[in-house]
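A short reminder: the numbers here are calculations on the coordinates, not readings from a lab. Keep in mind that this is a model prediction, so the values were computed, not measured. When we count neighbours, we look across all protein chains shown, and the Cβ atoms used for this are built from the backbone with ideal geometry, even at glycine.
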Amino acid sequence: MPEFPADLRYTEDHEWVRFDAGSGVATVGITDYAQGELGDVVFVELPSVGDSVERKGSCGTIEAVKTVADIYAPLAGEVVEVNRALDDHPERVNREPYGEGWMMKIRVAEPGSFDGLMDADAYRRHIG
């Protein structure tokens, strides 16, 4: 059974967000459910530091044994860091989707938009 930490928020597209209100930076990855549906992740293409991302805009891809999927930005803002460890170790997305498998950090343009994302219970209902 996939896990959904209560301290995170979630999107319909299966991204998770951990928001630090003090810095205005959101850490983003894909959910445990999403990595399970994809299967073994073999490659992750992430945006570049300094890129602007739009909410719900495609900003990267995940290649798995089964398929290739887009990564969507859960919030608008500027990419301030990407997880370069995934270049050599994409399997971290499968092993630790909420830890070492994080993908990018975004300086959020509208911090209040975080509140519009689903909590763990709503996401659990979303995936059925």
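Charged neighbours of His89, selected by a Cβ distance under 11 Å, balance to -2 (K, R count +1; D, E count -1). When the chain is treated as a GNM with alpha-carbon contacts under 10 Å, the residue of Gly77, Gly60, Gly101 showing the greatest mean-square fluctuation is Gly60.
Under the shape rule built on the C-alpha gyration tensor, where the axes satisfy a ≥ b ≥ c, segment 60-128 is oblate, since a/c reaches at least 1.5 while a/b does not exceed b/c.
Per residue, the chain reaches -4000 deg cm²/dmol at 222 nm when only DSSP H runs of four or more residues are counted, each adding -39500 (n - 2.57).
Computed over Cα pairs, the Kirkwood radius of the chain leads via Stokes-Einstein (0.890 mPa s, 25 °C) to a diffusion coefficient of 171 µm² per second. Report the longest stretch of the chain that contains none of the GluC sites (Glu not before Pro) sitting in a DSSP loop with at most 16 other Cβ atoms within 10 Å. Free of exposed loop sites, the longest segment is 13-53.
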